[in-house]
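All remarks here apply to the structure that follows.
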Amino acid sequence: MRMPRIHAALILILLSLSLNSCVLSPEKKIDSVYVMVYDYENNEVMNVSISIDGKKIGTTDIYGRLIITPDDEKESTVRAEKDGYESVETKAYIRPGQLVYFRMGTGAYYAKMAEQLLDGDEPDKALELIDRALEIQDRKDWRYLRSVILRRLSDE
């Protein structure tokens, strides 16, 4: 069965309109700032409190991300905080499309790295990392490791 000419013409018109609408559609405007937070083992960190210039703006989701819409474009201090993690901050020019990326270490991470450095005969670096761990959380086992590191340093 042949299609009447009018149907063929209508299909051709609809097809050309749909193709033109794809070409002529405006670009999506990027109006958000993206914050991403990971630990040093490349895991997303959720429930991180994010503040800009001292004002809390939200917390990260289960993927370590927070999307915000800035009021204005300016250089700001962006801070990320979570219990059990070191607090980190950076200066960033906040504007639409901006990505602010953080890496945060836990006390456990720094203590583990301090042990590895001590085993690798680098007690100076181990002391720096165990001190970072103790700043995050004061634990007896980490204080003991610190005393072992100090003992090793005094023997040298």
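The values are calculated or read from the model by the stated rules, or taken from the named source; none is laboratory data. All figures in this text were calculated on a predicted structure; none of them were measured in a lab. Every residue, glycine among them, receives a Cβ derived from its backbone with ideal geometry; neighbour counts consider all protein chains shown. The accessibility values were calculated without ligands, DNA or RNA, using every heavy atom of the protein model including side chains. Shrake-Rupley method; radii C 1.70, N 1.55, O 1.52, S 1.80 Å.
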Revision key, fill the gap. Scanning segment 120-151 for residues that are acidic (Asp, Glu) and outside any helix (DSSP H, G or I) gives 121, 122, 138
Exercise for review: May I ask you to verify whether residue 72 is acidic (Asp, Glu) and modelled with pLDDT under 90?
Suggested key: yes
Review point. Counting only residues that are of a type in the set (S, T, N, Q) and either in contact with a helix residue (DSSP H, G or I) (Cβ under 7 Å, 6 or more places away or on another chain) or part of a strand (DSSP E or B) (or both), how many does segment 65-88 have?
Key: 2
Exercise for review: Evaluate the following for residue 91: is it exposed (fewer than 11 other Cβ atoms within 10 Å of the Cβ), at pLDDT 90 or above and part of a strand (DSSP E or B)?
Suggested key: yes
Exercise for review: Sort out which residues of segment 101-151 are farther than 25 Å from residue 81 by Cβ, open to solvent by 90 Å² or more (accessible area, probe 1.4 Å) and not charged (D, E, K, R), and write them in order of number.
Suggested key: 116, 144
Practice item. Among the candidates 156, 81, single out the residue that is open to solvent by 70 Å² or more (accessible area, probe 1.4 Å) and more than 17 Å from the chain's Cα centre (by Cα). Key: 156
Practice item. Could you list all residues from segment 53-69 that are open to solvent by 50 Å² or more (accessible area, probe 1.4 Å) and modelled with pLDDT under 90? Key: 69
Review point. Residues in segment 53-68: is at least one over 11 Å from the mean Cα position of the chain (by Cα) and among the acidic types (Asp, Glu)?
Key: yes
Review point. Would it be correct to say that residue 46 is surrounded by fewer than 20 Cβ atoms within 10 Å (Cβ to Cβ), touching a Ser or Thr at 6+ places or on another chain (Cβ under 7 Å) and not in a strand (DSSP E or B)?
Key: yes
Point to revise | Qualifying residue in segment 129-152 (condition: of a type in the set (S, T, N, Q), in contact with a helix residue (DSSP H, G or I) (Cβ under 9 Å, 6 or more places away or on another chain), closer than 27 Å to residue 34 by Cα and modelled with pLDDT of 90 or more) | key: no
